[in-house]
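Some notes on the structure that comes next.
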Amino acid sequence: MAENRASGYTSGYAEGVPCWVDVQLPDVEAGKRFYGGLFGWTFEDAGPEAVWARLDGAAVARLARKRDGRMPTVWTVYFATPDARDLARRIVAIGGQIVNDPVPVRDLGTAALAADPTGAVFGLWQAAGHPGFGVRHAPGTFAWAQLYTSDPEAANAFYGRLFTAALFGAGARPDFGRAPVTEVFAAGMPSQFVVHFRTGDVAAAALAVQQLGGRVQTPPFETSYGKVAVVTDNQGAFFALLER
């Protein structure tokens, strides 16, 4: 993976590296107002009822209208892979499940949804025309994915086998951690990934979330990877703010 560490721009992602995020929302226009106000994102058409979110022209996320009201309003993190079908087979072999089989997304790449043995859902992305984040780790962009899980031991074993090189290989700089679900959620909540976006001032950003119609789930607290606040947007999708 080549990366200009000063700017955060990247030219490719190794397998197991978080490479993209999207959110399924009841109202994309309301999502544009919220995230545009919070992070300064601009938006452009990305197909039927969906938009690309950009920061200074670089792709940072996708907002799409959920087509089934029974689906959750949720941010999904996608992990890079050179072969989505092969990775899907390996996921099943070590105790995970495939929620949506790998399918081509126009000329952009191949996507799939999977679930780990604790039930947390995540995406797979085999890039073609869309390589993933145009920028990350900068304010207003993806900075971390934290899995809040009902069984940290099982999660560590699963992802340690699945993404060994990305998590533990020579030169690895993981953007992905695991913690008990009760660290921020009530006991009994399902395991879930929480996408973290970087901010220069987590307290000020949490206040802005409230002013834009969102809620603070967990006020700022210290972690090994920075100061974090877990919040929801104006439609109920969880995400986190990370100051580091």
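Got a sec? Which strands (runs of 3 or more DSSP E) wholly within the stretch 32-76 have at least 2 residues that are modelled with pLDDT of 95 or more and under 17 Å from the mean Cα position of the chain (by Cα)?
On the way: elements: 42-45, 50-55, 58-65.
Per the criteria, 50-55, 58-65.
For the stretch 73-96, name all the residues that are open to solvent by 70 Å² or more (accessible area, probe 1.4 Å) and either in contact with a Gly (Cβ under 9 Å, 6 or more places away or on another chain) or of a type in the set (Lys, Arg) (or both).
Step one: list which residues in the stretch 73-96 are open to solvent by 70 Å² or more (accessible area, probe 1.4 Å), which gives 82, 85, 89-90, 92-93.
Matches in the stretch 73-96: 85, 89, 90.
Between a residue in the stretch 39-62 that is charged (D, E, K, R) and any residue that is open to solvent by 60 Å² or more (accessible area, probe 1.4 Å), which pairs come within a Cβ distance under 7 Å, given they are 6 or more apart or on different chains?
49/65; 54/42; 54/44
Give me a count of the residues in the stretch 105-114 that are part of a strand (DSSP E or B) and open to solvent by 10 Å² or more (accessible area, probe 1.4 Å).
Just the residues of the stretch 105-114 that are part of a strand (DSSP E or B), to begin with: 105, 109-114.
Among the residues that remain, those that are also open to solvent by 10 Å² or more (accessible area, probe 1.4 Å) are: 105, 110-111, 113.
Going through the stretch 105-114 one residue at a time, the tally reaches 4.
For the condition within 22 Å of residue 232 (Cα to Cα) and out of contact with any Ser or Thr (no Cβ under 7 Å at 6 or more places or on another chain), what is the one hit in 86, 107, 68?
That would be 68, the only listed residue that is within 22 Å of residue 232 (Cα to Cα) and out of contact with any Ser or Thr (no Cβ under 7 Å at 6 or more places or on another chain).
Quick one: how many residues across the stretch 233-244 are out of contact with any Pro (no Cβ under 6 Å at 6 or more places or on another chain) and open to solvent by 20 Å² or more (accessible area, probe 1.4 Å)?
Residues flagged as out of contact with any Pro (no Cβ under 6 Å at 6 or more places or on another chain) and open to solvent by 20 Å² or more (accessible area, probe 1.4 Å) within the stretch 233-244 amount to 5.
Can you tell me which residue in the stretch 10-34 is farthest from residue 130 (Cα to Cα), limited to those that are in contact (Cβ under 8 Å) with a residue 40 or more places away in the chain, β-branched (Val, Ile, Thr) and open to solvent by 10 Å² or more (accessible area, probe 1.4 Å)?
Let us first name the residues in the stretch 10-34 that are in contact (Cβ under 8 Å) with a residue 40 or more places away in the chain, namely 10-27, 30-31, 33-34.
Subset that is β-branched (Val, Ile, Thr): 10, 17, 21, 23.
Narrowing the set further to residues that are open to solvent by 10 Å² or more (accessible area, probe 1.4 Å) leaves 10, 17.
Working: 10: 12, 17: 15 Å.
Once the filter is applied, the top-ranked residue is 17.
Can you tell me which residues in the stretch 56-72 are open to solvent by 10 Å² or more (accessible area, probe 1.4 Å) and in contact with a helix residue (DSSP H, G or I) (Cβ under 7 Å, 6 or more places away or on another chain)?
65 - this is the single residue of the stretch 56-72 that is open to solvent by 10 Å² or more (accessible area, probe 1.4 Å) and in contact with a helix residue (DSSP H, G or I) (Cβ under 7 Å, 6 or more places away or on another chain).
One line per residue, one yes/no per condition, for (1) among the aliphatic types (A, V, I, L, M); (2) under 22 Å from residue 59 (Cα atoms):
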{"site": "89", "(1), (2)": "no, no"}
{"site": "114", "(1), (2)": "yes, no"}
{"site": "121", "(1), (2)": "yes, no"}
{"site": "131", "(1), (2)": "no, yes"}
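Condition first: assigned to a strand (DSSP E or B) and out of contact with any Cys (no Cβ under 8 Å at 6 or more places or on another chain). Now tell me which residues in the stretch 77-103 satisfy that.
From the stretch 77-103, those assigned to a strand (DSSP E or B) are 77-80, 97-103; that's our starting set.
Answer for the stretch 77-103, where residues must be assigned to a strand (DSSP E or B) and out of contact with any Cys (no Cβ under 8 Å at 6 or more places or on another chain): 77, 97, 98, 99, 100, 101, 102, 103.
Yes/no per residue for (1) modelled with pLDDT of 95 or more; (2) under 18 Å from residue 16 (Cα atoms); (3) touching a Leu at 6+ places or on another chain (Cβ under 6 Å):
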{"position": "122", "(1), (2), (3)": "yes, yes, no"}
{"position": "137", "(1), (2), (3)": "yes, yes, no"}
{"position": "161", "(1), (2), (3)": "yes, yes, no"}
{"position": "173", "(1), (2), (3)": "no, yes, no"}
{"position": "184", "(1), (2), (3)": "no, no, no"}
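Say whether the condition of being farther than 23 Å from residue 238 by Cα, among the hydrophobic types (A, V, I, L, M, F, W, C) and in contact with a strand residue (DSSP E or B) (Cβ under 8 Å, 6 or more places away or on another chain) is met by at least one residue in the stretch 173-194.
No: the stretch 173-194 contains no residue that is farther than 23 Å from residue 238 by Cα, among the hydrophobic types (A, V, I, L, M, F, W, C) and in contact with a strand residue (DSSP E or B) (Cβ under 8 Å, 6 or more places away or on another chain).
Those residues that are open to solvent by less than 10 Å² (accessible area, probe 1.4 Å) and small (Gly, Ala, Ser), I need them from the stretch 116-149; list them, please.
Once the filter is applied, which keeps residues that are open to solvent by less than 10 Å² (accessible area, probe 1.4 Å) and small (Gly, Ala, Ser), the stretch 116-149 yields 120, 123, 132, 140, 143, 145.
The values are calculated or read from the model by the stated rules, or taken from the named source; none is laboratory data. Everything numeric in this text was worked out from a predicted model, so none of it was measured. Glycine also receives a Cβ, built like all others from the backbone with ideal geometry; neighbour counts cover every protein chain displayed. Note: accessible area is taken over every heavy atom of the protein model, side chains too, but ligands, DNA and RNA are not part of it. Shrake-Rupley method; radii C 1.70, N 1.55, O 1.52, S 1.80 Å.
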